Amino acid sequence: VDTFNTFKAPQPRNMIENSMFEEEPDVVDLAKESPSYPIDTDDVVYEPRSSRLLVRGLGENALDEDEEDYESSARLLGMSFMNRSSNQRSAASSYIRQHYSGSCSMPSTKTMVVGVVVLVLVASMLMVLYFLLGCNFTTAGCQKTNSTMDSIYPNSTNGELFPWADLRLPCSVHPVHYNITLHPDLTIMTFQGSVSILVQVLNETKNIVLHSSDMNIIKATFDGKDVNFLEYKPWQQIAFKFQEDLKKGQYVLNITYTANLSSSYDGFYNSSYVDTNGIKRVLAATQFEPLAARKAFPCFDEPAFKSTFTIKMTRESKYISLSNMPKVITTDLKNGLEEDEFEKSVNMSTYLVAFIVADFISVSKNVSKTKVSVYAVPDKKEQVQYALDTACKLLEFYNSFFKNEYPLSKLDLVAIPDFLAGAMENWGLITFRETTLLVGSNSSAIDKQLVTSVIAHELAHQWFGNLVTMQWWNDLWLNEGFATYMQYISIESVFPGLDIDTEFLNVRFKALAKDALNSSHPVSTVVSTPEQVEEMFDSVSYEKGASILLMLNATLTDGEFQKGVTQYLQKYKLSNTESENLWNSLSQVSKQNLSVSEMMNTWTVHKGFPLVTVKRSGTQVTLTQEHFLLNAENSTDDSSLWHIPLTYVSDKCSVLSSCKQVFHLKEKTATLKLPDQVKWLKFNVRSDGFYIVHYDEEGWKDLIGALKEDMNVLSCKDRAALINNIFALSRSGKVSFRQVLNLMDYIRNENETAPVTEALFQLGQIYRLLDKRSELDLASRMTSYIEDHFGSLMENQSWDLETSVSKMTLRSALLEMACSLNIRNFCVVIDSWIPSDLMRTVFKVAAQTDEGWGKLLDMYKHSINDPEKHKTLEALASTQDVWKIIWILQKSLDGSEIQTQEFPLVINTICKSFAGYLYAWDFVKENWDKITQKFSVGSFAIQSIIMSATSQFSTKTHLVEAQNFFSSLGTKGSQMRIVQEAIETIKLNMRWMENNLNTLQSWL
């Protein structure tokens, strides 16, 4: 899946699947226990309305009830958010311990002996239960038949004991083939379905357990005989119980059912759009990854239960239907209905099944033995050609690179008008957001970079994820990390002009930032609940996964990486794997004295990444590694060691690729002996390794001096990496902010995209923290600092047509910073033609006036150019007008005038401004139930919403409020890992401010 991240500068969506939102809705929360990550909090119950701040000077018109709620929390005119201590005291007062008068009598000796015996018996029983239930759910494969006693089984909906007590399905029965027949009614938004499952009983059993969710099962038969079923809704499981053991062999299970088309973004869901004639059109589409195939048909909904599928779809004649495989025949059923039957599929997991009923048009082209088609709504037929040409070129590349041709006879790419994820890699039927597939005549090269990235990612999945699938969601990175890495490899080869290398560098910086938190997780980690499955779709699985593959590829030689990957795909095609299978394939082709498995396990099993500290004395270099954490004070003792393929260059040779030297650091400390004296050393060449580097005082002094003398002694990637690393080291407290400013002195001479955009990103984060704390003087001085260091470069940017992606990215970042901080007179509203890469910048300026905002809203409603529409929405959400902020929040959540899929983007944009961030935070709190009905708990959309709303808090008041709110959510979100990340981020912001405000006062 492509999680679609549109938030940092001109980035392609990535995670693209998640960056643009691989976000999924409504999954039942199974975790009933207390949070696995306890939240530091007082004993306070969150009472959202009691925290309101009365704001004066907002005008004479009264607010309506909803607007008053959001308005009253704003911090206008420098007013601070109200402390809620009085509410805390009153809430806490209800927890007074009761004291009882009187004394207790001393129990007799006999009573005490009996009590001890009872306690021993109870303890023994608990130990028996513990060891009987001692299996864990992190290993690959499915669960063994449960042998525990009936007392541990849950009750099904009818009160009977449900015959299975694990979240994972038993292995005793395996699906062989599904025959699925569906008839969606797009008028009343329901569908009828029947599924016939050919199952293989591998071990004798009295039960068949599979998944089903939100269905009305009308009838079920097993080998032609009617059977009853039991349902356990919290685990979305149904079970069929038999009096006698089923013998090994094949049987047929038939189920007839009805259901509603989902109103969220997963399962078999209804979607709609308004065409250029103002007519509302409806369609039905699917999004099954990770856990929603069970909402469309009863199935064994785990990746390891691969099977084949035959699908029949009944539809009205005015629509078409699509599925994974080519259509075999269409049958006229009379009464305006037709039935499409599709070919039997290849062996695949349920989450890759897909079908669509819509009124789309298409264009097609043949590549080798595959017909490639792009589908879209009729109004946008002129915007599909770029995607078709791009997909064909990338398919040819992958066929060649993997030495294993795409196995299906057709490949459809479909733009869905209302789609949450960036894209979804359904085998043979890839679904996309319109923004990530369609390219109009006025789209910029940056827009094309995004579309190309998403297509490249999804096509890579046809091999990594579809042909070979991870055994269980704990190894999701085998799908997403590989697809992310291959998208950059393929684009660099096929589309070198798109400057994808700089984007990949930004992706690695993003992954490092997330992985430096205590709340991060290993690449391969425990996954046992639906929420934990959803949370795996994050930057660790996508971007860190891709980063460690880059590091491995850079370490291997002579094309060994490609050879190992090809061998891996050939050996495991149409089956499931674990990380170790990949490492073994790579080890077998490597001629180096290197255990790939030993090295890479240190990167997938351990959370986080290493900090390498370099101390040089003459020709002797002492290297030390430790776990890098931004908040090391509160971390547990961590003795993790990584096998680090350290790379370095020196003043003797630094720019050419042949200059790179390698040293493998496996121990806590090691010594490197240089052949000659050098003036300076720079480790982690081009930032190809997933670690950061700290130098001793002399080391930093030498590097900074070299940059000031001639910045070209290091590549632009190495310069960007130095900037990234030193800001991270400052945030962790390992270097002073004065040292950061010392390095930044050289930036006045910088003109390359990677270091400039990284510096602007880091300084912009600090500016927003100061702004949100109402440190107005320091925020103003930061603006002056940015103008002093980048003003001349800003002044040199033109507003003319630009063709270079790198130059577009640079000027967009510079001019957007200049406009947002009102630096000089760089920004004016232009009525004439605007380069498409500058539309967002110009639109944001225009949105600050009533007239401009109104024009943009009209443009948003009527535009059929999706990149332009996306930029227009960002501009609308950047307004400083509180009434407009409230309106856009409401409309984007209810989906009436702004599609709900855009709600995370709206929250992110509003939270960047001082005027809007508290309104957005209050809106999230007040509407949490509605939000989690639209987006599933743990999904990338929810992760984005939470971090956008809280990541710029830096006060104790906001920390306590966030803790109390998240603690109050219970099963609706308190256990999410992203909650821990949000709390940790606020604490880090507080600490950084406390440690650096005085330095900023002195040095800015």
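The values are calculated or read from the model by the stated rules, or taken from the named source; none is laboratory data. Because the structure is a prediction, the values reported are computed rather than measured. Cβ coordinates were reconstructed from backbone atoms using ideal geometry, including for glycine residues, and neighbour counts include every protein chain displayed. Surface areas here come from the heavy atoms of the whole protein model, side chains and all, with no ligands, DNA or RNA. Shrake-Rupley method; radii C 1.70, N 1.55, O 1.52, S 1.80 Å.
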Quiz item: Which of the residues that make up region 693-709 are touching a Leu at 6+ places or on another chain (Cβ under 8 Å), surrounded by fewer than 23 Cβ atoms within 10 Å (Cβ to Cβ) and either β-branched (V, I, T) or in a loop (DSSP other than H, G, I, E, B) (or both)?
Solution: I704
Quiz prompt | Qualifying residue in region 626-640 (condition: within 25 Å of Y488 (Cα to Cα) and open to solvent by less than 30 Å² (accessible area, probe 1.4 Å)) | solution = no
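Per-residue answers, yes or no, for (1) without any contact (Cβ under 8 Å) to a residue 40 or more places away in the chain; (2) small (G, A, S):
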{"site": "M808", "(1), (2)": "no, no"}
{"site": "C827", "(1), (2)": "yes, no"}
{"site": "W833", "(1), (2)": "yes, no"}
{"site": "D837", "(1), (2)": "no, no"}
{"site": "A846", "(1), (2)": "yes, yes"}
{"site": "P904", "(1), (2)": "no, no"}
Self-check item: In region 562-593, the residues that are outside any helix (DSSP H, G or I), crowded, with 18+ Cβ neighbours inside 10 Å and over 27 Å from the mean Cα position of the chain (by Cα)
Solution: S590
Quiz item: From the set of residues in region 168-204 that are among the small types (G, A, S) and open to solvent by less than 10 Å² (accessible area, probe 1.4 Å), which is nearest to the chain's Cα centre (by Cα)?
Solution: G193
Self-check item: Matching residues in region 521-561 - criterion: being open to solvent by less than 30 Å² (accessible area, probe 1.4 Å) and under 18 Å from E598 (Cβ atoms)
Solution: P522, V523, I548, L549, M551, L552, T555, L556, E560, F561
Exercise. Output the residues belonging to region 720-744 that are closer than 19 Å to A706 by Cα, surrounded by fewer than 22 Cβ atoms within 10 Å (Cβ to Cβ) and touching a residue at least 60 places away in the same chain (Cβ under 8 Å).
Key: R738, L741
Quiz item: Which residue pairs have Cβ atoms under 7 Å apart, sit 6 or more places apart or on different chains, and have a first residue in region 564-575 that is in contact (Cβ under 8 Å) with a residue 40 or more places away in the chain and a second that is open to solvent by 40 Å² or more (accessible area, probe 1.4 Å)?
Solution: T566/K403; L574/N347
Quiz item: Between a first residue in region 883-895 that is under 21 Å from D418 (Cα atoms) and open to solvent by less than 30 Å² (accessible area, probe 1.4 Å) and a second residue that is among the small types (G, A, S) and in a helix (DSSP H, G or I), which pairs have beta carbons less than 8 Å apart while being 6 or more apart in sequence or on different chains?
Solution: I888/A877; L889/A920
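Conditions (1) open to solvent by 20 Å² or more (accessible area, probe 1.4 Å); (2) assigned to a helix (DSSP H, G or I); (3) modelled with pLDDT of 90 or more; (4) hydrophobic (A, V, I, L, M, F, W, C), marked per residue:
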position	(1), (2), (3), (4)
R768	yes, yes, yes, no
Y785	yes, yes, yes, no
G791	no, yes, yes, no
S798	yes, no, no, no
K807	yes, yes, yes, no
R824	yes, no, no, no
V828	yes, no, no, yes
I834	yes, no, no, yes
G854	yes, yes, yes, no
Quiz prompt | Residue identified as of a type in the set (D, E, K, R) and without any contact (Cβ under 8 Å) to a residue 60 or more places away in the chain among K717, K701 | solution = K701
Quiz item: Only one of (1) assigned to a helix (DSSP H, G or I); (2) open to solvent by less than 20 Å² (accessible area, probe 1.4 Å) is not met by K682, so which one is it?
Solution: (1)
Quiz item: Restricted to region 745-766, and to residues that are part of a loop (DSSP other than H, G, I, E, B) and open to solvent by 10 Å² or more (accessible area, probe 1.4 Å), which residue is farthest from C716 (Cα to Cα)?
Solution: N751
Quiz item: If you scan region 184-217, which residues turn out to be of a type in the set (D, E, K, R) and in a strand (DSSP E or B)?
Solution: D185, K206
Quiz item: Pick from E480, E458: which is surrounded by 24 or more Cβ atoms within 10 Å (Cβ to Cβ), at pLDDT 95 or above and closer than 25 Å to K869 by Cα?
Solution: E458
Quiz item: How many residues are under 23 Å from A165 (Cβ atoms) and among the basic types (K, R) when one looks only at region 238-260?
Solution: 1
Quiz prompt | Every residue from region 649-679 that is open to solvent by less than 50 Å² (accessible area, probe 1.4 Å) and under 22 Å from G608 (Cβ atoms) | solution = F663, L665, A670
Exercise. Could you tell me which of the residues M536, M551 is at pLDDT 95 or above and among the aliphatic types (A, V, I, L, M)?
Key: M551
Quiz item: Any chance region 984-1002 includes a residue that's among the small types (G, A, S), assigned to a helix (DSSP H, G or I) and more than 14 Å from W928 (Cβ to Cβ)?
Solution: yes
Quiz item: Pairs under 9 Å by beta carbon, first residue in contact (Cβ under 8 Å) with a residue 40 or more places away in the chain in region 790-802, partner of a type outside the set (D, E, K, R) and open to solvent by 70 Å² or more (accessible area, probe 1.4 Å), six or more apart or different chains?
Solution: L793/N751
Quiz prompt | Residue check for S323: modelled with pLDDT under 95, within 23 Å of L210 (Cβ to Cβ) and touching a strand residue (DSSP E or B) at 6+ places or on another chain (Cβ under 7 Å) | solution = no
Quiz prompt | strands (runs of 3 or more DSSP E) (entirely within region 294-374) containing at least 2 residues that are open to solvent by 10 Å² or more (accessible area, probe 1.4 Å) | solution = 308-316, 320-323, 327-334, 337-342, 361-367
Self-check item: Total residues in region 710-719, condition crowded, with 17+ Cβ neighbours inside 10 Å and over 29 Å from the mean Cα position of the chain (by Cα)
Solution: 4
